[in-house]
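Please read the structure below before turning to the comments.
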Amino acid sequence: MLKKKVEDICNRQIEREGYSSNLYLAMASWAETKGFSGTAGWLYAQADEERGHMLKFIRFVNDRGGKAVVPEFKKPPVEFESIQSLFEEVLKHEEFITASINEMVDLTLSEKDYTTNNFLQWYVAEQIEEESNAKAILDKITLVGKHNLYPFDRDLLRSREEK
Ligand code: FEO
């Protein structure tokens with residue numbers, strides 16, 4: 001049975017993962033309207049992954065005798081300055097999510113909830129990958145130069161097709 005404090009922080013994370021999904025969906029939609037189809041595809045897939053992260057938390061909370069709450073979500077931004085600043089925002093957001101997961105890990109240790117701690121390890125590993133992906137994309141943008149993003153966008157398109 002989940003302790004109330006742990007249940008609450010899991011519900012907070014359900015909101016954060018769901019917001020991440022909507023944020024990437026908003027970014028994908030913006031990129032698509034600007035003609036960056038590779039970037040849009042990458043972000044649409046990312047939005048699906050984040051929805052999966054939210055669902056995983058919902059199922060876990062309910063399985064452990066808690067009550068998962070589907071929250072209201074803040075409206076994500078509609079406009080983005082550039083592809084580069086968009087991915088800077090992705091990285092910043094993922095760093096925020098990592099800090100949030102780490103805070104949860106801390107709580108499970110102080111509450112001696114080793115089951116939830118074990119469940120969270122999947123997210124700890126996932127965050128390493130998510131931050132590293134965002135950093136790699138920003139490096140690519142620097143490499144191709146922010147004024148000729150066509151090869152970068154094609155590259156992202158291919159990276160999704162290969163999966
Ligand atoms: Fe589910 Fe990208 O954090």
Legend entry - Residue among LEU120, LEU23, LEU43 with the largest mean-square fluctuation in a Gaussian network model of the chain, springs linking Cα atoms under 10 Å: LEU120
Legend entry - For peptides 144-153, 5-14, sequence by mean Cβ density within 10 Å, most packed first: 5-14, 144-153
Inset, instruction - Taking the dipole about the Cα centre of the range 4-162, with the C-beta of Lys and Arg at +1 and of Asp and Glu at -1, give me whichever of ALA31, GLN127, PHE60 is farthest to the positive side. - result: PHE60
Legend entry - Hull-based mean projected area of the range 4-162, where the convex hull spans the alpha carbons, in square nanometres: 9.4
Legend entry - Entries of LYS4/LYS75; LYS67/LYS112; LYS112/LYS135; LYS75/LYS135; LYS34/LYS140; LYS4/LYS92 with Cα pairs more than 31 Å apart: LYS112/LYS135
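Please find the FRET efficiency linking SER110 to GLU72, where r is the Cβ-Cβ separation and R0 is fixed at 25 Å, and quote it to the nearest 0.05. Walk me through the numbers on the way to the answer.
On the way: r = 29 Å, r/R0 = 1.17.
That pair, SER110 with GLU72, gives E of 0.30.
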Legend entry - Whole-number accessible area per residue in Å² for the chain, which is evaluated in the context of all protein chains at 1.4 Å: 55
Inset, instruction - Report the FRET efficiency, 1/(1 + (r/R0)^6), for GLU161 and LYS140, where r is their Cβ-Cβ distance and R0 is 22 Å, rounded to 0.05. - result: 0.85
Legend entry - Cα centroid separation - the range 95-145 against the range 16-43, whole Å: 20
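The values are calculated or read from the model by the stated rules, or taken from the named source; none is laboratory data. Being a predicted model, the structure only gives us computed values, none of them experimental. With ideal geometry, Cβ positions are generated from the backbone for all residues, glycine too; neighbour counts draw on all protein chains shown. Remember, those area values only see protein heavy atoms, side chains included, never the ligands or the DNA or RNA. Shrake-Rupley method; radii C 1.70, N 1.55, O 1.52, S 1.80 Å.
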